[in-house]
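Data block below; observations after.
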Amino acid sequence: MSKFSIEDYPHKRLNPLTGDWILVSPHRAKRPWQGQVEKTVSDERPKYEPTCYLCAGNERAGGKYNPQYKGTFVFTNDFSALLTDSPAGLIDEGDLFQAKSETGICKVICFSDDHSLTIPEMAVEDIRKVIDVWCDEFKELAGNPMINYIQIFENKGAIMGCSNPHPHGQIWSSSSVPTEPAKELAKQKEYFEKHGTTLLGDYLKAELVKRDRILVENEHFVALVPYWAVWPFETMIISKRPIQTIALLTDAEKTSLADIYQKLTIKYDNLFEVSFAYSAGFHQAPTDGNDYPEWHLHMHFYPPLLRSASVKKFMVGYEMLASPQRDITAEQAAQRLRDLSEVHYKKQTNK
Ligand code: H2U
Ligand code: ZN
């Protein structure tokens, strides 16, 4: 019997941020693939689309009109999942029937007035403006006594349920801390109490020595494939400084964040030469007024594509019923992404 290695044999990896385990089956990545590898369909779009509800001057649901904005634009979601005025209430019918009212504020953020763009096609200084808007919105919501957690996210691509290709993201803020950040909060606290340092700070230090999962590094941030990645090309952007929220970013850090967000998403687009779909977002400390020295600012990217512009990873069967599973290892995924150019394929001169 040969020696166990994570390159060759099925194994489980721990996600220390959530406490979940994932199954990795590297031997299966060697099996032949007979599915189609189709040519990318053109995703060229006009700079202005008359029917787009996010373009400047256009009508939204309920008869509201967007202003003739330039750059970024923020509005309260016309179909907010959370409302500011739902009445407080609790249903407690023993262990089996529990419900609580939840309040919050949902916003939509247009990243640009240009309908044709996406983050990897935007200039760093324009992405920086998106980060400034996130920071302003975050600070305003954090100051609202009703809001105790702020989820900033971006759904990109129809495959991720994004309703409109106009570059945009969302913020859902709520009175309680939702499930995923609550798990991360508990694990980061446990780690901080044991070691006196942040979980992700120590993780980042170790990864910067190992270097086999690092994709992009700049002065203030690192983009990497986490050891415990579930999605084939899942990545994280982690701040080098252990800060709790984007409200604490310095001017230089905001520009660095714009730079690494652009470089990572360019690599994503270059992987299959397609506008790469993902759900991405920050995980930040709650905004309930308490201190969370254990919390380390980071961004997750969860992209579903596996093998080509349309062959996606399905989280079904075993994943739904037992545990997430992947074939290609985090290290192989990192190698592929690392080897890709940081120049967008549409801008490469030899194309
Ligand atoms: P996606 O990021 O998943 O595409 O969602 C866009 C949001 O825009 C969605 O939450 C909102 C939807 O409720 N929306 C409006 O607020 N006004 C509109 O006129 C259409 C869509
Ligand atoms: Zn538009």
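Structure summary
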| read-out | value |
| --- | --- |
| Criterion violated by K100 - all others in (1) among the basic types (K, R); (2) in contact with a helix residue (DSSP H, G or I) (Cβ under 8 Å, 6 or more places away or on another chain); (3) farther than 26 Å from C52 by Cβ satisfied | (2) |
| Entirely in segment 177-282, the helices (runs of 4 or more DSSP H) that have 1 or more residues that are of a type in the set (S, T, N, Q) and at pLDDT 95 or above | 179-195, 251-272 |
| Answer residue from segment 224-282, given it is closer than 24 Å to C162 by Cβ and among the small types (G, A, S) and is surrounded by the most Cβ atoms within 10 Å (Cβ to Cβ) among those | A229 |
| Members of segment 308-338 found to be part of a loop (DSSP other than H, G, I, E, B) and either open to solvent by less than 20 Å² (accessible area, probe 1.4 Å) or touching a Gly at 6+ places or on another chain (Cβ under 7 Å) (or both), listed by number | S308, V311, T329 |
| Of all residues in segment 52-89 being under 17 Å from C106 (Cβ atoms) and among the basic types (K, R), the one that is nearest to ligand 1 (Cβ to nearest atom) | R60 |
| Near pairs, Cβ below 9 angstrom, 6+ apart or cross-chain, from segment 189-204 (among the charged types (D, E, K, R)) to any residue that is surrounded by 20 or more Cβ atoms within 10 Å (Cβ to Cβ) and not in a helix (DSSP H, G or I) | K189/E294; K189/W295; E190/E294; E193/E294 |
| Qualifying residues in segment 83-122 (those that are in a loop (DSSP other than H, G, I, E, B), in contact (Cβ under 8 Å) with a residue 24 or more places away in the chain and open to solvent by 30 Å² or more (accessible area, probe 1.4 Å)) - the one farthest from ligand 2 (Cβ to nearest atom) | E102 |
| Members of segment 117-136 that are over 17 Å from the mean Cα position of the chain (by Cα) and within 15 Å of G157 (Cβ to Cβ) | L117, E121 |
| Pairs with Cβ under 9 Å, 6+ apart, first in segment 60-77 and β-branched (V, I, T), second more than 14 Å from ligand 2 (Cβ to nearest atom) and open to solvent by 40 Å² or more (accessible area, probe 1.4 Å) | T72/D126; T72/K129; T72/D132; V74/D136 |
| Test set (1) touching a strand residue (DSSP E or B) at 6+ places or on another chain (Cβ under 9 Å); (2) over 26 Å from S275 (Cα atoms); (3) among the acidic types (D, E) - D113 fails condition number | (2) |
| Subset of segment 72-82 (residues that are open to solvent by less than 100 Å² (accessible area, probe 1.4 Å), assigned to a loop (DSSP other than H, G, I, E, B) and away from ligand 2 (no atom under 16 Å from the Cβ)) | N77, S80, A81, L82 |
| Residue selected from segment 127-163 under the condition in a loop (DSSP other than H, G, I, E, B) and crowded, with 17+ Cβ neighbours inside 10 Å, by the criterion nearest to ligand 2 (Cβ to nearest atom) | C162 |
| Residue that is modelled with the lowest pLDDT [pool: residues in segment 23-71 that are among the β-branched types (V, I, T) and away from ligand 2 (no atom under 14 Å from the Cβ)] | V37 |
| Top-ranked residue in segment 339-351 [being touching a helix residue (DSSP H, G or I) at 6+ places or on another chain (Cβ under 8 Å) and more than 29 Å from D20 (Cβ to Cβ); ranked as least open to solvent (accessible area, probe 1.4 Å)] | H344 |
| Matching residues, segment 164-186, being surrounded by 18 or more Cβ atoms within 10 Å (Cβ to Cβ) and of a type outside the set (S, T, N, Q) | P165, H166, P167, H168, G169, I171, W172, V177, P181, E184, L185 |
| Check on T103, within 14 Å of ligand 1 (Cβ to nearest atom) and not aromatic (F, W, Y) | no |
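The values are calculated or read from the model by the stated rules, or taken from the named source; none is laboratory data. As the structure is a prediction and not an experimental result, all values here were calculated from the model. Cβ: placed from backbone, ideal geometry, glycine included. Neighbour counts: every protein chain shown. The accessibility values were calculated without ligands, DNA or RNA, using every heavy atom of the protein model including side chains. Shrake-Rupley method; radii C 1.70, N 1.55, O 1.52, S 1.80 Å.
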